[in-house]
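Visitor: The structure that follows is given in the form of structure tokens.
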Amino acid sequence: MKSFTSLKARQFGESVIRGMTRICTEEGGVNLSQGFPDFPAPTAIKEAAKRAIDADINQYAVTWGSPSFRQAIAAHQQRFYDWRVDPDKHLTVACGATEAMIATLMATVNPGDEVIVFAPFYENYGPDAVLSGAVPRYVTLHTPEWHIDADELAAAFSEKTRAIIVNTPHNPTGKVFNRAELELIADLCRRHDVLAITDEIYEHIVYDDAVHIPLATLPDMAARTVTISGSSKTFSVTGWRLGYCIASEEITGAIRKVHDFLTVGAPAPLQEGAAVMLGCNGSYYKALAQDYRERRDFLLDVLTRRGFACVKPAGAYYIMADFSTLSNTDDVTFATELVRSGGVATVPGSSFFADPAAGRNIVRFCFCKKWETLEEAVRRLEQRSFH
């Protein structure tokens, strides 16, 4: 009998990150693999969602997002970035930033087009490009600071290039693209008439002197940028699936059509809760970054003392850790042995590269966890012998 699976589906495997979570559960480990907080969401967002449910806001919202949520998002962009966004013409609410990304690619990319992706990358980008019929073109972020080689990036642009995906703050490295890097990307996009698609889901989780700058706010970039973000990371509600994308009116029209036939719409009462939370006092956002900075410093210190080589992340809540001085095994073997028998779950570095060899000596730890979780993970790490 012939195979009934598509050629597209055969080009990629299941999520390694969520696979590690399943292994962690089976082994009774501490989960520092998947990037979800294990502590409660803010009371204000939960209470607002409860009020919406009690008010019987239980049916479909407007397909591209409830008016209150879209208005709150627009106000947020004005408040933090002095960026005026029309909530009726430029905004689409999706079922998480994940759906926003695939809807954007399917709405803007044609079969055979190339999409530039920085490596290491969040594992969805490659499959998203394949599902939209595009060909991913990978450009390396170089250690130790995960910097861009300007010549290498310029060489990746060609007449086939349709879009470039820019994730900042960056998962998995914690890199925050600075203004000079963003200006380089913007210049290349303008020169080659290429669309920029940004994933800014960690926009409020930045540390030290790092500053998040939306690429769309650079000169002449608003019309050629799709900005993707959401509530999952900022408000610790990854299961609510509330993402959004901001684009020109023309691109927004295409995204809305694709989004409609993908999922119809995001959960109505949860949109009302997030709308209230977006207007919260600025002290919340400062405390969020401060709390995660303390967790970053705690885990970074432990990993360094244990012999991992790490680059201090400037944003997001992940640490890429090189274990080459601790073990001669590959990343998959190392991660599997580390979680086995109640250890600590990480993500093998090879899952973030097109060439698995590039991540052979790396695992990714996440620190968006309760202090008790991090302390227990550290206790188990300190009991482990590496070889």
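Visitor: Give the distance, in whole Å, between the Cα centre of the range 197-227 and the Cα centre of the range 66-87.
Guide: Rounded to whole Å, the Cα centres lie 15 Å apart.
Visitor: Among 31-43, 370-382, 224-236, 307-319, what's the highest-first ranking by average C-beta atoms within 10 angstrom per residue? Mind showing how you got there, number by number?
Guide: Values: 31-43: 17.8, 370-382: 15.7, 224-236: 25.0, 307-319: 21.9.
Descending mean neighbour count gives 224-236, 307-319, 31-43, 370-382.
Visitor: Taking only protein heavy atoms and a 1.4 Å probe, what accessible area per residue, in Å², does the range 138-277 have with all protein chains in place?
Guide: For the range 138-277, the per-residue accessible area is 37 Å².
Visitor: Do any GluC sites (Glu not before Pro) in the range 106-150 lie in a loop, going by DSSP, with at most 13 other beta-carbon atoms within 10 Å of their beta carbon, and if so which?
Guide: Taking the range 106-150 and a limit of 13 other Cβ atoms within 10 Å, the loop GluC sites (Glu not before Pro) found are 145.
Visitor: Now for a different question. Using a 7 Å offset from the Cα along the Cα-to-Cβ direction at both residue 223 and residue 142, what is the distance between the two label points in nm, to one decimal?
Guide: 3.5 nm
Visitor: Which parts of the range 238-262 would a label at residue 15 reach, counting a residue when its backbone N lies under 18 Å from a point 7 Å out along Cα-to-Cβ?
Guide: Answer for this model: 238-244.
Visitor: When ranked by the protection proxy of mean other Cβ atoms within 10 Å per residue, highest first, what sequence do the peptides 292-304, 48-60 form?
Guide: Order by mean packing, descending: 292-304, 48-60.
Visitor: State the answer as a single residue: which of 298, 349, 36 lies farthest towards the positive end of the charge dipole of the chain, with beta carbon charges of +1 for Lys and Arg and -1 for Asp and Glu, about the Cα centre.
Guide: After comparing all options, I get 36.
Visitor: Under 5 Å between amide hydrogens, which residues at least 5 positions from residue 370 or on another chain qualify, with H placed 1.01 Å from N in the peptide plane?
Guide: Sorted by chain and number, the residues that satisfy this are 38, 39.
Visitor: Can you figure out the FRET efficiency of residue 248 with residue 56, using R₀ = 30 Å and their beta-carbon distance, to the nearest 0.05? Don't skip to the answer; put the middle values down first.
Guide: Numbers: r = 36 Å, r/R0 = 1.18.
It comes out at approximately 0.25.
Visitor: Under 26 Å between alpha carbons: how many lysine pairs meet that in the chain, if sequence neighbours fewer than 8 apart on the same chain are excluded?
Guide: Value for the chain: 27.
Visitor: Let me ask something else about it. Given 25 °C and 0.890 mPa s, how large is the Stokes-Einstein diffusion coefficient of the range 295-387 in µm²/s, with Rh as the Kirkwood radius over Cα pairs? The partial results should precede the final answer.
Guide: On the way: Rh = 13.3 Å.
D = 185 µm²/s.
Visitor: Identify the GluC sites (Glu not before Pro) of the range 1-82 meeting these criteria: DSSP loop state and at most 10 other C-beta atoms within 10 Å of the C-beta.
Guide: Within the range 1-82, the qualifying GluC sites (Glu not before Pro) (loop, at most 10 other Cβ atoms within 10 Å) are 14.
Visitor: Sticking with this one: Report, to the nearest whole %, how much of the accessible area of the range 15-118 belongs to carbon and sulfur atoms, 1.4 Å probe, protein only.
Guide: Here it works out to 53 percent.
Visitor: How large is the convex hull of the Cα atoms of the range 1-122 per residue, expressed in Å³ as a whole number? Please report the intermediate quantities before stating the final value.
Guide: Values: hull volume 30.3 nm³, N = 122.
Dividing the Cα hull volume of the range 1-122 by its residues yields 249 Å³.
Visitor: Quick check: Cα centre of the range 1-59 to Cα centre of the range 254-333, how many Å?
Guide: Between the Cα centres of the range 1-59 and the range 254-333 lies a distance of 14 Å.
Visitor: Continuing with the same structure: Enumerate the amide H contacts of residue 166 below 5 Å, restricted to partners 5 or more residues apart or on another chain; note that Pro and chain-start residues carry no placed amide H.
Guide: Hits under the 5 Å cutoff: 197, 198, 199.
Visitor: If you don't mind, another one. Percent of accessible area on the range 126-271 owned by carbon and sulfur, 1.4 Å probe? Walk me through the numbers before you get to the answer.
Guide: On the way: 2720 of 5350 Å².
Percent of accessible area from carbon and sulfur atoms in the range 126-271: 51.
The values are calculated or read from the model by the stated rules, or taken from the named source; none is laboratory data. Worth saying up front: this structure is predicted, and the values here are computed from it rather than measured. Counting neighbours? That spans all protein chains shown, and the Cβs are built from the backbone with ideal geometry, glycine included. Calculation scope for accessible area: heavy atoms of the full protein, side chains included, ligands and nucleic acids excluded. Shrake-Rupley method; radii C 1.70, N 1.55, O 1.52, S 1.80 Å.
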